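Visitor: Take this structure first; my questions come after.
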Amino acid sequence: MAAAAGLVAAAAAAALGALLMAPGLTQPHGEGPPEGAGAGAGAGGGAAAAVERRPPGRMDQALLVVRNELPAPRLRLAALSGACHQCLYQFLAFVPPSNGSLREPGTVAVMVDTQHPLTLLLNGSVGDGELCKIQYHFGEFGNYSLVVKTLSTSAKTVSCDLVINEGPINSYLPILFAFLVYMGILAILIVGRLFMKIDPVRKWVYKKLNPRETDRLINSELGSPNATDSVSSDPTPRLWSTASRQRLRSLDTFRGLSLIIMVFVNYGGGKYWFVFIMGTSTSLSLSSMLRWESSKWKVLRKILWRSFLLILLGIIVVNPNYCLGPLSWDNLRIPGVLQRLGFTYLVVAALELLFARAGPESGTLETPCPALQDILPYWPQWIFILVLEVIWLCLTFLLPVPGCPRGYLGPGGIGDFGIYPNCTGGAAGYIDRLLLGEKHIYQHPSSSVIYQTTMPYDPEGILGTINTIFMAFLGLQAGKIILFYKDRHKQIMSRFFLWSIVMGVISAILTKCSKEEGFIPINKNLWSISYVTTMSCFAFILLLLIYYLVDVKRLWSGAPFFYPGMNSILIYIGHEVFENYFPFKWKMQDSQSHAEHLTQNLTATTLWVIISYLLYRRRIFWKI
């Protein structure tokens, strides 16, 4: 069922985004006061006193009260996040010794992170060996006690027992509630579909929506691919009938799904399959334009203008630094999402235009090997892309970076045991800081949260754009498959599946099927080659499924993702510009509530879906 499948996907995407929600880790304390100074909630006093003096509860945190029953010396408490690879333990607090005369334990209260498992380390404050090491995943707003005592006075055996004083809350319940709400909407739409089977109702709705006229006016801002399947002979009017459409709805559905996930994550519900589908649309749109345009120069002018507008919109409109005040050269961030999209589109579209053949036969080239007819005619393009990848590899692993080892791919900060604190991003970060300047790149990278980095680093920087071009080129390859295997759905889907396997095998080799220990680990911030191949693997599979459901079997109209996919640039820019305005954001009653954050993020995302639908109904499509 069309609407049913769409909303199931919407609910799944919302739940996935919410599961990835990361409001921020607890920032560890500094190295602490010098020996002899007070620490935490102070020395002495019982656990109750420590609880009274505990910091206010915050989202993604729990209270840990450490009770030290050892007479001397005071202890040093440190923690290591399970999400921090090869990191140093971070100091939390000094735990005073017990007061032997009053028989009161030394007590200190600290707030600990609940987003990731923690390893707690207790040792003597004067360089003694570790007394105990505990691995535990604390629950949000939980109240815990860590009791340190001597089991045997003669053997001086120390035990560390973790006790739950007050159970944590279930921070995932809001996700379940949101899922049930969307399932309720799904049920309503299913009932609506049943009513659509009644002839008078169906004719009235079809007359009001008039989808044929809307489809006739549709033009995508990142390409206008023509449908490859034949016109349906089914006279029964359907809201997504191929009799009226001129596009592959699966491409707009894919783009819309990618966009909605991006919007949800950007709003805090936690992005780049959008690049993949841009390449796919480019292949089909250029084929279409060359059939109607008399000159490649005219098409090239359109490509240059579109790229310029994307880059300009990214720098002037969608720029996070304008929140700091009027834009000026002093605080202007040069890289960005739209800037990278614009430059990537320019390279990939120009590369495709250079080797494209004008005329109606442009998608039916004859080759000695029909099984490779979507690859062999374009071997110069592949050589160009491979040269780009060689450049990326050489710069990444051979470029000397002052104060850093060659080929460094780590986050810097406290990562790699704190040896390279100023090497964030390796060669990629160094190139951006050298060519663009530290003030003109992103100042608060995600690595600063977990790894406590201090160097600015831009995830949309110069070096990573090479691999963005590669990902868009793989999307371009998907477009060639649709062109060359026209009307042969099984061949198209089998090629998508084959490319997914190839990309998956390359990723497995590059990463050694591990998270951190491969030749080139998957790294979104660096846009490593393994990240591109892994995302492309899933992109081919997702495109296969959407193509099968939407354009082959027509079991799903692509709703609701189809609508934002038709106005992707407008929706993306709109959500960035109006991010902090009502009704997309409002003053929260409880800023430490996952439920309220999730409600706000889902509401804002859903509003943009509704806006895109209204634009579709009004036949408003913003094309650049």
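The values are calculated or read from the model by the stated rules, or taken from the named source; none is laboratory data. Quantities reported herein were computed from a predicted structural model and do not represent experimental measurements. Counting neighbours? That spans all protein chains shown, and the Cβs are built from the backbone with ideal geometry, glycine included. In case anyone asks, the SASA skips ligands and DNA or RNA and just uses the protein heavy atoms, side chains included. Shrake-Rupley method; radii C 1.70, N 1.55, O 1.52, S 1.80 Å.
Visitor: If I ignore ligands, DNA and RNA and count only protein heavy atoms, how much of Trp499 is accessible to a 1.4 Å probe, in Å² to the nearest 10?
Guide: Number for this one is 30 Å².
Visitor: Stretched out fully, how many nm does the piece from Ile573 to Glu389 gain, at 0.36 nm a residue minus the Cα gap?
Guide: On the way: separation 184, 0.36 × 184 = 66.24 nm, distance 3.04 nm.
Between Ile573 and Glu389, full extension yields an extra 63.2 nm.
Visitor: Could I ask something else about it? Starting from the residue with the highest accessible area, list Tyr430, Tyr581 in decreasing order, probe 1.4 Å.
Guide: Values: Tyr430 60, Tyr581 135 Å².
Largest accessible area first, the residues go Tyr581, Tyr430.
Visitor: I need the P(r) histogram for region 559-624: all alpha carbon pairs, bin width 5 Å from 0 out to the longest distance, whole percents.
Guide: 3, 17, 25, 21, 15, 9, 6, 3, 0
Visitor: Which entries in Lys302/Lys486; Lys524/Lys585; Lys524/Lys553 show an alpha-carbon gap greater than 29 Å? Show your work: numbers first, answer last.
Guide: Details: Lys302/Lys486 26 Å; Lys524/Lys585 27 Å; Lys524/Lys553 34 Å.
From Lys302/Lys486; Lys524/Lys585; Lys524/Lys553, over 29 Å: Lys524/Lys553.
Visitor: Given the C-alpha atoms of region 376-511, compute the convex hull and give its volume per residue in Å³. Present the calculation step by step, with values, prior to reporting the outcome.
Guide: Details: hull volume 19.0 nm³, N = 136.
Convex hull volume per residue, Cα atoms: 140 Å³.
Visitor: Loop-only check: which trypsin sites (Lys or Arg not before Pro) in region 112-205 are DSSP coil with at most 14 other Cβ within 10 angstrom?
Guide: Values: sites: Lys133, Lys149, Lys156, Arg193, Lys197, Arg202, Lys203; in loops: Lys156, Lys197.
For trypsin sites (Lys or Arg not before Pro) across region 112-205 that sit outside H, G, I, E and B with at most 14 neighbouring Cβ atoms in 10 Å, the list reads Lys156, Lys197.
Visitor: Output needed: percent of Cα pairs per 10 Å distance bin for region 447-508, bins running from 0 to the one holding the longest distance.
Guide: 18, 31, 25, 16, 9, 1
Visitor: When only DSSP loop residues count, what trypsin sites (Lys or Arg not before Pro) in region 520-624 have their Cβ near at most 11 other Cβ atoms within 10 Å?
Guide: Values: sites: Lys524, Lys553, Arg554, Lys585, Lys587, Arg617, Arg618, Arg619, Lys623; in loops: Lys524, Lys553, Arg554, Lys585, Lys587, Arg618, Arg619, Lys623.
Sparse-neighbourhood loop trypsin sites (Lys or Arg not before Pro): Lys553, Lys587, Arg618.
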